[in-house]
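The values are calculated or read from the model by the stated rules, or taken from the named source; none is laboratory data. Only a predicted model underlies this, so the values are computations on that prediction, with no experimental measurement involved. Virtual Cβ from ideal backbone geometry, glycine too; neighbours counted across all protein chains shown.
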Amino acid sequence: MIKTDIRSYFPILDQEINGHPLVYLDSAATTQKPIQVIEAIKHYYENENSNVHRGVHTLGNRATDSYEGAREKVRKFINAKSTEEIIFTRGTTDSLNMVAASFGRANVGEGDEIVITYMEHHSNLIPWQQLAKEKNATLKYIDMNPDGTLSMDKVKEAITDQTKIVSIAFASNVLGTVNPIKEIAAVAHAHGAVIVVDGAQGVPHFKTDVQDLDCDFLAFSGHKMCGPTGIGVLYGKKEHLENMEPLDFGGEMISIVGLYESTWADLPYKFEGGTPNIAGAIGLGAAIDFLEEIGMDNIIEHEHNLSRYAIEKLSAIDGVSIYGPHDPTKRSGLVTFNIDGVHPHDVATILDMEGIAVRAGHHCAQPLMKWLECTATARASFYVYNTEADIDRLVEGLRTAKEYFANVNE
Ligand code: PMP
């Protein structure tokens with residue numbers, strides 16, 4: 001049973017930074033890890049550590065069972081049909097690059113279109129830029145509404161019979177916008193295109209059902225959902241994965257190796273060349289157990305409540321602009337903002353002096369910054385362990401930053 005005081009599961013939060021109790025508001029960059037995840041990794045190294053899929057000995061079997069057990073947890077978590085469709089990767093960036101380099105290279109040709117949006121993280125932009133250049137294909141952007149949402153009219157305008165791939169963020173890491181993936185998938189499929197979902201800011205926050213969304217690929221990272229760094233997932237429909245070429249050649253991913261020709265292992269192993277991140281996968285499995293015990297519906301409800309509270313409190317500060325849709329139910333748990341006359345890096349530095357961690361910069365979304373007509377923003381992002389009291393501290397810190405710069409600029 002999970003206690004109501006969720007914060008108490010996160011040892012790192014119980015410390016002072018610059019003489020103030022830590023308020024961690026940078027979960028969109030990476031989340032903190034609960035004791036259950038830390039213990040699962042420790043347990044693995046203390047009791048099971050061995051290589052997977054090849055040992056006849058007991059430790060090898062234990063490690064394999066735990067690693068494959070984690071894969072089954074991931075499958076169930078996103079409701080994939082089979083564990084053959086779950087590939088462990090290094091994270092979202094790795095997963096998206098795999099789709100572009102394998103599926104993309106084989107299926108996109110000269111004159112074809114790849115459709116993305118202005119709100120994409122660089123990880124869901126540069127792999128497609130590179131592919132478009134290599135294949136002489138066209139990279140097309142879906143226009144956004146002024147509040148940073150997508151309208152289906154614009155989606156339908158952008159996707160044509162020339163479109164081969166549509167790749168879209170489940171939720172924006174800057175605007176918080178949650179995109180209508182199921183509707184966009186239907187449009188993509190009607191034109192014979194596939195839809196790739198960058199789930200980095202979606203899967204950790206709300207229930208994700210790949211069969212209901214009918215997405216062809218879904219990428220996400222363990223470290224943004226209470227899991228360790230260095231582990232992530234690429235979900236792909238079996239019909240696509242079966243026809244795709246592997247990218248990492250070597251051990252683990254082969255079936256029969258001859259002197260000049262070799263054949264590949266079955267799914268998903270054909271895409272997992274080399275010794276995998278076993279402890280990472282086990283840690284991710286423990287993170288999924290933890291999130292499921294809290295309940296994904298409770299998590300998004302909690303984030304909506306925090307976003308509503310934060311938008312209300314921040315809007316009341318003179319000179320603060322908030323980006324993205326203002327309706328908290330249309331977004332995930334983050335608020336991106338700027339204060340008139342104060343650079344976001346200065347905002348983040350003053351907040352850090354008060355023990356409050358926020359992110360400042362372009363958030364790996366430079367085309368979006370251009371669209372927003374600014375060079376950088378500050379971002380406060382929330383997760384299961386944040387409370388309204390954290391937002392009160394943020395508001396206090398922002399008032400301090402404003403006063404400080406008002407005096408400096410006088
Ligand atoms: N996409 C989005 C929307 C993200 O927010 C991030 C991480 N900030 C990524 C992709 C990349 O994730 P990772 O660094 O874990 O590969």
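For every residue, the table says whether it meets (1) among the hydrophobic types (A, V, I, L, M, F, W, C); (2) within 16 Å of the ligand (Cβ to nearest atom).
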{"position": "M353", "(1), (2)": "yes, no"}
{"position": "H362", "(1), (2)": "no, yes"}
{"position": "W371", "(1), (2)": "yes, yes"}
{"position": "R399", "(1), (2)": "no, no"}
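Show me the strands (runs of 3 or more DSSP E) found entirely inside the stretch 217-274 where at least 1 residues are free of Cβ contacts under 8 Å to residues at least 12 places away in the same chain and within 16 Å of the ligand (Cβ to nearest atom).
none
For the stretch 143-160: of the residues being away from the ligand (no atom under 16 Å from the Cβ) and among the hydrophobic types (A, V, I, L, M, F, W, C), which is surrounded by the fewest Cβ atoms within 10 Å (Cβ to Cβ)?
Within the stretch 143-160, the first condition is being away from the ligand (no atom under 16 Å from the Cβ), and the residues that meet it are 143, 145-147, 151-160.
Okay, now just the ones that are also among the hydrophobic types (A, V, I, L, M, F, W, C), so 152, 155, 158-159.
Details: M152: 12, V155: 22, A158: 20, I159: 22.
This residue is M152.
Just give me the residues in the stretch 55-77 being surrounded by 17 or more Cβ atoms within 10 Å (Cβ to Cβ), more than 16 Å from the ligand (Cβ to nearest atom) and in contact (Cβ under 8 Å) with a residue 60 or more places away in the chain, in sequence order.
Selection gives A63, S66, Y67, A70, R71, K73, F77.
Within the stretch 12-34, which residues are among the charged types (D, E, K, R), within 16 Å of the ligand (Cβ to nearest atom) and assigned to a loop (DSSP other than H, G, I, E, B)?
K33
I184: part of a strand (DSSP E or B) and either at pLDDT 95 or above or surrounded by fewer than 16 Cβ atoms within 10 Å (Cβ to Cβ) (or both), yes or no?
When the stated conditions are applied, I184 does not pass them.
Report, by residue number, each residue of the stretch 308-325 that is in contact with a helix residue (DSSP H, G or I) (Cβ under 8 Å, 6 or more places away or on another chain) and closer than 15 Å to A378 by Cβ.
Within the stretch 308-325, A310, I311, K313, L314, I317, G319, V320, I322, Y323 meet the criteria.
Does the stretch 35-49 contain any residue that is surrounded by fewer than 21 Cβ atoms within 10 Å (Cβ to Cβ), within 16 Å of the ligand (Cβ to nearest atom) and under 26 Å from D266 (Cβ atoms)?
No, the stretch 35-49 has no match at all.
Give the stretch 116-139 a look and list any residue that's crowded, with 23+ Cβ neighbours inside 10 Å and among the charged types (D, E, K, R), or say none.
Within the stretch 116-139, E120 is the sole residue that qualifies.
Just to be sure before I move on: is T93 out of contact with any strand residue (DSSP E or B) (no Cβ under 7 Å at 6 or more places or on another chain), among the β-branched types (V, I, T) and within 16 Å of the ligand (Cβ to nearest atom) in the structure I sent?
So T93 passes the test.
Of the residues in the stretch 271-299, how many are buried (at least 18 other Cβ atoms within 10 Å of the Cβ) and either over 19 Å from A70 (Cβ atoms) or β-branched (V, I, T) (or both)?
Selection size over the stretch 271-299: 4.
Do you know which residues across the stretch 355-400 are farther than 22 Å from P146 by Cα, among the acidic types (D, E) and surrounded by fewer than 20 Cβ atoms within 10 Å (Cβ to Cβ)?
Answer for the stretch 355-400, where residues must be farther than 22 Å from P146 by Cα, among the acidic types (D, E) and surrounded by fewer than 20 Cβ atoms within 10 Å (Cβ to Cβ): E388, D392, E396.
Name every residue in the stretch 105-140 that is free of Cβ contacts under 8 Å to residues at least 40 places away in the same chain, within 16 Å of the ligand (Cβ to nearest atom) and in a strand (DSSP E or B), in order of residue number.
Matches in the stretch 105-140: none.
Being within 17 Å of the chain's Cα centre (by Cα), surrounded by fewer than 24 Cβ atoms within 10 Å (Cβ to Cβ) and among the acidic types (D, E) narrows it down to one of D214, D198, D209, so name that one.
One residue alone meets the criteria, D209.
Mind listing whichever residues of the stretch 78-90 are within 14 Å of the ligand (Cβ to nearest atom) and either buried (at least 24 other Cβ atoms within 10 Å of the Cβ) or more than 20 Å from N124 (Cβ to Cβ) (or both)?
Scanning the stretch 78-90 gives F88, T89.
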